[in-house]
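The structure appears below as structure tokens.
The values are calculated or read from the model by the stated rules, or taken from the named source; none is laboratory data. None of these values were measured; they are calculated from a predicted model. Here the Cβ is made from the backbone with ideal geometry for all residues, glycine too, and neighbour counts use every protein chain on show. These area figures cover heavy atoms from the full protein model, side chains too; ligands, DNA and RNA do not enter into them. Shrake-Rupley method; radii C 1.70, N 1.55, O 1.52, S 1.80 Å.
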Protein chains: 2
Amino acid sequence: MNAVATSPAAAAATTTAWDHKARRRQARLARAAEEVAARGKCVPHADAVALLHAVLEPGDRVCLEGNNQKQADFLARALTQLDPQRVHDLHMVQSVLALPEHLDLFEDGIASRLDFSFSGPQGARLAQLVSAGQIRIGAIHTYLELFARYFVDLTPQVALIAAQSADREGNLYTGPNTEDTPAIVEATAFSGGIVIAQVNQIVDRLPRIDVPAGWVDFVIEAPTPHFIEPLFTRDPAQISEIQVLMAMMAIKGIYAEYGVQRLNHGIGFDTAAIELLLPTYGESLGLKGKICRHWALNPHPALIPAIEAGWVESIHSFGSELGMEDYIRARSDVFFTGADGSLRSNRAFCQAAGHYACDLFIGSTLQMDLAGNSSTATLGRIAGFGGAPNMGADARGRRHASPAWLKAGAQAREGLTGARGTPRGQKLVVQMVETFREHMQPAFVERLDAWQLAEQAGMALPPIMIYGDDVSHVLTEEGIANLLLCRSDEEREQAIRGVAGYTPLGLGRDRRAVENLRDRGVIRRPADLGIDPRDATRNLLAARSMRDLVRASGGLYQPPKRFRNW
Amino acid sequence: MNAVATSPAAAAATTTAWDHKARRRQARLARAAEEVAARGKCVPHADAVALLHAVLEPGDRVCLEGNNQKQADFLARALTQLDPQRVHDLHMVQSVLALPEHLDLFEDGIASRLDFSFSGPQGARLAQLVSAGQIRIGAIHTYLELFARYFVDLTPQVALIAAQSADREGNLYTGPNTEDTPAIVEATAFSGGIVIAQVNQIVDRLPRIDVPAGWVDFVIEAPTPHFIEPLFTRDPAQISEIQVLMAMMAIKGIYAEYGVQRLNHGIGFDTAAIELLLPTYGESLGLKGKICRHWALNPHPALIPAIEAGWVESIHSFGSELGMEDYIRARSDVFFTGADGSLRSNRAFCQAAGHYACDLFIGSTLQMDLAGNSSTATLGRIAGFGGAPNMGADARGRRHASPAWLKAGAQAREGLTGARGTPRGQKLVVQMVETFREHMQPAFVERLDAWQLAEQAGMALPPIMIYGDDVSHVLTEEGIANLLLCRSDEEREQAIRGVAGYTPLGLGRDRRAVENLRDRGVIRRPADLGIDPRDATRNLLAARSMRDLVRASGGLYQPPKRFRNW
């Protein structure tokens, strides 16, 4: 147990090499050079499978760029065409499983391990493959958490990414949908990995350079442009009057109450309703300039009327939204844009913004229990988390104050002592949910399906999306429960039952306790907020159809075809 | 309160412009073109002041790159030479105030508002200027929080950054000290801002491109290379035997106990001692490969012996460390490096890694109260937080499991019910502190100076660096207090008193309660861990001098002159 006497480096020099990664990289590149007819970094798309055979090795950690919107779909298809005798047991580390090919890889024996964030449309099939033992899930992450692990213990050896265009040197233009690309490429390129980009076109001169050529090894012009999903487009025609009512409560009972200036909205009709009420209902309450000035969110078409009415100072985005290109270009005061006029998005920075620079996160869920824990994982589906855990958690590293954050923190700590009572602010985390979801399934349950799912899939913890401990408000059509003000498990339970409507858990409330909570302002009904539910009509929406949104944009917004019925 | 009837965009088109930012940018560039003889983007250093006069406007938000290490010192000096009649009331938004010039700006009436993270060497002068009313502090942030706000409500209008070199087009090479640069430049360049880089040299061809030219407006070759502080170099000769003892306790009582594989170490001799004990004491405990495999930290010279002994699989860094260049180049399996062989650091991603992908943060503090709250803010000094709050807070958005995280979470939740009792993991946050600091000031205090500082400076909350609520262990020379196991304010208080040694708070312990906590394993003394303090000698250190470190590196590590005494 003594200090090292001789020079370990000198000893190591004869026995240890410290450039395995670099040599492995050279070997991959050498194989590629043999098997593929590249011109510089440009590889013909017919050679994609050969290129992947050349660079990939069994057991590699691979990031196949699957974003919320943009998909490296050509490379995904190429990957499914590999010979599982040559390439197998890949460990996929990618944020979103959106395409069937993402799961085909596992079914076909090419990949076996998975670390990811979100699987939206593939959630049911993912659950099947997991129970069939064809996928071993490492963990389900929130986006920024997965990116963080790219720099620690899940660094990709090969990254297969998507960009808008490339020049012949290999510089990339991601265009408006930058999304995960910078995080993936940086982790891979600076750890001896290989970066392969599919692009829609190879051009002489890029509108702007988003990724320097030195970070990219191969570029393939795909035969068809990469797929982009218009995930954040919500047709105002489908917003219900219940959603209008809930949006009124959110604006008056939470946004105005706390003076929320900086926030994130998730996907959904609930939050689209809020966005569409700002220039009407919000304006009538005199809230313009007092709430909702800075946003971390994608360019939601439903925000157009609020932007036009001057409510919005800035928007930073995770990704873009199809059809919003010209509108964004014409509203560069509001959006982050490049010299070419198109959006600069960046999921890593926008998630950091959602975590640390927003006072409020509002989102929906599928199930909530009486502790306020909520999950979108239901039986037979492993849906994943996306950004919700990162933005819907109290950011305990935050130190800058804002009125909203201070007020929430003070409410949560009133009467507490010691460490828990030490003054600090708190993030507002609102779960907005109708008491019954589709097919009359109650949103409030005794026990989350997540528990059973954890048992079935052998997870260490149930896949809870937002923990009750982090939720500040539960908002249903029956009212708002302010959990910050609850001082015991029992109060919290009754506060949640008190807004759970006609669900069995709602009916099981202790009426007296609930009335008591209402007297204390822990529960607030529409009437307590001065809201007459009869006023909650669709007439309040600043746009009632896609056409209204287009009109509000002065024709700049061009919705994808499937959203046009005119 | 009706829906918008006419097209707001059409109406707005005649009254509102949406490209103020772009037009303001053009105006700045036009003024620069008039006043400065630029060749392309390259501006002679003699024109620096003229350039700043041209592009800056009163009230601008300005990021003057001040990092932990790298400083845009030439631009800082140029900024102090501006005419306060022309440029005043700047709002500085920068992570570190390291140089006297950073404060001269305020004294000279050029800047008036400040949002920052860390002020290390300038802390005392900062406090003076604040009380003299010459600086209005918006807030003290943790790094990632400040970067997050760059994309929301603190977006710089002008960024003055530092890079190693540039080519004539304006592409930048940051070299090993990338640090904050990518976050600053991205926020500024994509919001109509102006980016000015000082570089050590303008060259024909860069070793690699870190920042594309399209993101940079002006490049100035500074007359002298930018300043870099070797902040993370600790001479092993100065490590005391008490620090060796504490390091033994950390390794055996915490790292081994929880199986900590991924972690961050802060600056200091305490953690340097741990690093130097891994290949000796850690090896003797059979811990190699079981702890400390993945790191988020700068290239600490004190880690060299552990790296050479094969303990370390990967290190991702916030910035680099002077003298470590050749060593890093020769150990590319361990460090993130570019095609040029030099380090790729990135403070934003490394902070994300520290927050979300590490199981343990260990750091020191100056004061701790009986709730476990700690602060480096002492009377007359506003030191700031740096990365500690981000890494030393429970990352409540984290969802992936590891044994260390699960065990800490289970300990913290045992016996709790409802929302607080719902199973989840928890970050290990260790405060390692000798009971007395310099000048026999007790580290344990009834009331943090932070409270008085908050009153004096009109802060909304006391500048607490790490909240007691987030601390899992307090480690002193007297033992380890595991706060996760405490179930009441009283237990927590006695656990802290129980390791507070001969400080007044330590002497004020309830002996019986402390012995009870010791029986329960809440407090563990060296003897309880099977550690004989007599074994804690400097002989255990894998390197006992700078020379030993150089030798351990096989001569690759070249310490800065001030650390050489041979």
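Going through the cross-link list A:LYS561/B:LYS21; A:LYS288/B:LYS21; A:LYS21/B:LYS288; A:LYS41/A:LYS70, which pairs have a Cα-Cα distance over 30 Å in this structure? Beyond 30 Å: A:LYS561/B:LYS21. Just so you know, the Cα atoms of the range B:25-221 work out to an Rg and Dmax of 15.5, 49 Å.
Over chain B, what is the mean sequence separation of C-alpha contacts under 8 Å (at least six apart), divided by residue count, expressed as relative contact order in percent? RCO, chain B: 13 percent. List the distances, in nm to one decimal, from the label point of B:SER545 to the label points of the same position in every other copy, shortest first, placing each label point 7 Å from Cα along the Cα-to-Cβ direction. Values, ascending and in nm: 8.6. The portion of the accessible surface of the range A:7-160 made up by carbon and sulfur, rounded to a whole percent, is 51 (1.4 Å probe; DNA, RNA and ligands excluded).
Using Cβ point charges alone (K and R +1, D and E -1), the dipole size of the range A:22-221 about the Cα centre works out to roughly 300 debye. A convex hull fitted to the Cα coordinates of chain A yields 185 cubic angstrom per residue. Given a 1.4 angstrom probe, I'd like the percentage of the accessible area of the range B:170-287 that is carbon and sulfur, rounded to a whole number. Ligands and nucleic acids excluded, carbon and sulfur reach 51 percent. Annotation for the range B:236-288 versus the range A:464-482: alpha-carbon center distance of 43 Å. The largest accessible area among B:HIS53, A:HIS20, B:HIS400 belongs to the first residue in A:HIS20, B:HIS53, B:HIS400, and the rest follow in falling order (1.4 Å probe, all chains). Of the trypsin sites (Lys or Arg not before Pro) found in the range B:491-553, those in coil by DSSP whose Cβ has at most 16 other Cβ atoms within 10 Å are B:ARG520.
Residues of the range B:258-289 that bury at least 50 Å² of accessible area when the other protein chains are present, relative to the chain alone (probe 1.4 Å, heavy atoms, ligands and nucleic acids excluded): none found.
The distance from the alpha carbon centre of the range B:114-154 to that of the range B:389-416 is 30 Å, rounded to a whole number. Over all pairs of different C-alpha atoms, the range A:236-547 has a mean inverse distance whose reciprocal, the Kirkwood radius, equals 19.9 Å. Of the trypsin sites (Lys or Arg not before Pro) found in the range B:28-99, the ones in coil according to DSSP and having at most 16 other Cβ atoms within 10 Å of their Cβ are B:ARG86. Per residue, the range A:124-190 exposes 22 Å² of solvent-accessible protein surface, assessed with a 1.4 angstrom probe and all protein chains in place.
For the range A:470-475, putting each phi into the Karplus relation 6.51 cos²θ - 1.76 cosθ + 1.60 with θ = phi - 60° gives couplings of 9, 7, 9, 9, 10, 10 Hz, in residue order, rounded to whole numbers and with x for Gly and Pro. The range A:123-215 gives an Rg/Rh value of 1.07, both radii derived from C-alpha positions and Rh following Kirkwood. State in Å² the accessible area per residue of the range B:236-548; use a 1.4 Å probe, count heavy atoms of protein chains only, and round to the nearest integer. Per residue, the range B:236-548 has an accessible area of 29 Å². What the pair-distance distribution of the range A:350-421 shows, using all Cα-Cα distances binned every 5 Å from zero, is 3, 12, 20, 19, 19, 14, 7, 4, 1 percent.
Determine, from the Cβ-Cβ distance of A:ARG511 and B:ALA30 and an R0 of 56 Å, the FRET efficiency 1/(1 + (r/R0)^6), rounded to the nearest 0.05. That gives a FRET efficiency of 0.20.
Global dimensions of the range A:516-566 from alpha-carbon coordinates: Rg and Dmax equal 18.4, 52 Å. I'd like the residues of the range A:115-158 whose 1.4 Å-probe accessible area shrinks by no less than 50 Å² going from the isolated chain to the full set of protein chains. In the range A:115-158, residues shielded by partner chains: A:GLU145, A:ALA148, A:PHE151, A:VAL152.
For the protein assembly as shown, a crude dipole built from +1 on the beta carbon of Lys and Arg and -1 on the beta carbon of Asp and Glu, taken about the Cα centre, is about 440 debye to the nearest 20. Placing unit charges on each Cβ (+1 for Lys and Arg, -1 for Asp and Glu) gives chain B a dipole about its Cα centre, and among B:TYR150, B:ALA162, B:ALA527 the Cα reaching farthest toward its positive end belongs to B:ALA527. In the protein assembly as shown, the DSSP beta bridges split such that about 30 percent are antiparallel, to the nearest 5.
Measuring nothing but protein heavy atoms, the accessible surface of the range A:352-468 at 1.4 Å probe radius is 54 percent carbon and sulfur. Dipole of the range A:377-485 computed with +1 at Lys/Arg Cβ and -1 at Asp/Glu Cβ about the Cα centre; of A:PRO442, A:SER402, A:ALA388, farthest Cα towards the positive end is A:SER402. Length gained on full extension, B:ARG564 to B:ARG168: 138.8 nm, using 0.36 nm per residue less the C-alpha separation. Measuring heavy-atom accessible area with a 1.4 angstrom probe and counting protein chains only, the residues of the range A:19-44 that give up at least 50 Å² relative to the chain alone are A:LYS21.
Chains B and A together bury roughly 9300 Å² of accessible surface, counting both sides and using a 1.4 Å probe on protein heavy atoms. Once C-alpha pairs closer than 8 Å and six or more residues apart are averaged by separation and normalised to the residue number of the range A:236-547, the relative contact order reads 20 percent.
Of the residues A:ALA412, A:ALA30, A:THR476, the one whose Cα sits farthest towards the positive end of the charge dipole of chain A is A:ALA412 (charges of +1 on Lys and Arg Cβ, -1 on Asp and Glu Cβ, taken about the Cα centre). Ranking of A:LEU297, A:LEU461, B:LEU406 by solvent-accessible surface, largest first: B:LEU406, A:LEU461, A:LEU297 (1.4 Å probe, protein heavy atoms only, all chains present).
When DSSP beta bridges are restricted to pairs lying wholly in the range B:1-159, around 10% turn out antiparallel. Reported to the nearest whole Å, the Cα centre-to-centre distance from the range B:13-42 to the range B:418-461 is 47.
Sorted from shortest to longest, the distances between the B:GLY286 label points of this copy and the other copies are 7.4 nm, with each point 7 Å from Cα along the line through the beta carbon.
For A:ARG168, the point set 7 Å out from Cα toward Cβ sits 2.1 nm from its twins in the other copies, listed from shortest up.
Spread over its residues, the convex hull of the C-alpha atoms of the range A:482-566 is 180 Å³ per residue. Counting every alpha-carbon pair across the protein assembly as shown, the share separated by more than 61 Å comes to 6%. Along chain A, counting only GluC sites (Glu not before Pro) with a DSSP assignment other than H, G, I, E or B and at most 11 other Cβ atoms inside a 10 Å radius, the longest segment between sites is A:1-413. Under 12 Å from a label point 7 Å along Cα→Cβ of A:ARG39: give me every residue in the range A:201-221 with its amide N that close. Hits in the range A:201-221 for A:ARG39 at 12 Å: A:202-204, A:221. For chain B, a crude dipole built from +1 on the beta carbon of Lys and Arg and -1 on the beta carbon of Asp and Glu, taken about the Cα centre, is about 940 debye to the nearest 20. Largest accessible area first, the residues B:LEU416, A:LEU507 order themselves as A:LEU507, B:LEU416 under a 1.4 Å probe with ligands, DNA and RNA left out. Here the ratio of the Cα radius of gyration of the range B:221-351 to 2.2 N^0.38 Å is 1.08. Taking 7 Å steps out from each Cα toward its Cβ at A:THR417 and A:ASP340 produces label points 6.3 nm apart.
The largest-to-smallest principal axis extents of the Cα set in the range A:137-280 are 54, 36, 29 Å. Looking at chain B only, what percent of DSSP beta bridges run antiparallel? Nearest 5 please. Among the beta bridges of chain B, antiparallel pairing accounts for roughly 30 percent.
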